[in-house]
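Below: one structure, written as structure tokens.
The values are calculated or read from the model by the stated rules, or taken from the named source; none is laboratory data. Computed from a predicted model, the values in this text were never measured in an experiment. All Cβ positions, even for glycine, are placed from backbone atoms using ideal geometry, and neighbour counts span all protein chains on display. The area values use the complete protein model at the heavy-atom level, side chains included, leaving out ligands, DNA and RNA. Shrake-Rupley method; radii C 1.70, N 1.55, O 1.52, S 1.80 Å.
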Amino acid sequence: MSPFDVVRENVTARQVAEYYGLKVNRNGMACCPFHDDRSPSMKIDNRYYCFGCLAKGDAVDYVARLFGLGPKDAAEKICADFGLAYDRDRHGSPPRAKPIKPKKTDEQLFKEAERYVFMVLCDYHDMLLKWKTEYAPKSPDEEFHPYFIEALREIDHVEYLLDTLLDGDISDRAFLLSEYGKKVQDIEKRLRRIKELAAGCDR
Ligand SMILES: [Zn+2]
């Protein structure tokens, strides 16, 4: 196996980055070492992606960039540092050179992430508006339903986030994606569950 295959099968970008000193928080986010990053903008797991400077790649790309190495030297460095054996004779031509399918550009990935966050927040906004009327207390002494409270608390904030996505400049939007990416995934899961439950009741 070439050093590229060995790296791909044995270590993630995150393991490699942590080995070389990157601090990753509980949400899998880290301060990007490739730009002047004050709050964690880099999502890192099997691969890394920075919402700030749009740097991305796998373990080999990370090490190549961090130490200013070519891909082959980077892969060999990882193998050496992690004690991984590779076939020294058969890695003359880097296997990464063969294109499998056209890769998405950083800009496309960013747009996709943005579209996803926007869709989920729109959905959530609709749901909150519905809750605000459907779960409004019917009499003055009725206790507030949690959905009603959530609607009151969140609607303005969600509207602000949607406005930012529509009209904000690129750095505001990138910041929003890095700040709310995880939360939006949780919201999506929750909305899906709520809709499934509602569908189940109709039957
Ligand atoms: Zn960055």
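The table below lists the values:
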read-out: Relative contact order [Cα under 8 Å, 6+ residues apart], segment 106-202, whole percent; value: 32
read-out: Cut-off 10 Å between beta-carbons: net charge of the residues surrounding Val6, Lys and Arg +1, Asp and Glu -1; value: -3
read-out: Relative contact order (percent, whole number), segment 3-97, Cα cutoff 8 Å, 6+ residue spacing; value: 30
read-out: Carbon and sulfur %, accessible surface of the chain computed with the full protein complex present, 1.4 Å; value: 52
read-out: Percent of alpha-carbon pairs separated by more than 18 Å within segment 3-97; value: 41
read-out: Between 0 and 90°, nearest 10: helix 146-167 axis offset from the chain longest Cα axis; value: 50
read-out: Relative packing of 11-19, 159-167, which averages over residues the other C-beta atoms within 10 Å, highest first; value: 11-19, 159-167
read-out: Compactness of the chain, expressed as Rg and Dmax over alpha-carbon positions, Å; value: 22.5, 80
read-out: Residue-normalised accessible area of the chain, expressed per residue, 1.4 Å probe, Å²; value: 63
read-out: Packing rank of 118-130, 144-156, where each peptide gets the mean count of other beta carbons within 10 Å, highest leading; value: 118-130, 144-156
read-out: Evaluated over segment 106-202, the Cα radius of gyration and Dmax, each in Å; value: 15.5, 54
read-out: GNM flexibility winner over the chain from Pro140, Pro71, Pro33 (Cα, springs under 10 Å); value: Pro140
read-out: Unsatisfied cross-links (Cα-Cα over 19 Å) in the set Lys56/Lys103; Lys43/Lys195; Lys56/Lys104; Lys132/Lys183; Lys103/Lys182; Lys23/Lys72; value: Lys43/Lys195; Lys132/Lys183; Lys103/Lys182; Lys23/Lys72
read-out: Relative contact order (%) - criterion: Cα under 8 Å, at least six apart; region: the chain; value: 19
read-out: Nearest-ten-degree value, helix 170-202 long axis tilted from longest Cα axis of the chain; value: 60
read-out: Estimated distance in nm for a label pair at Glu9 and Tyr160, the labels positioned 7 Å out from Cα along Cα-to-Cβ; value: 5.1
read-out: Charge context of Arg38, other residues only, Cβ under 14 angstrom, K/R +1, D/E -1; value: -2
read-out: Surrounding net charge for Asp81, when Lys and Arg each add one and Asp and Glu each subtract one, Cβ distance under 13 Å; value: -2
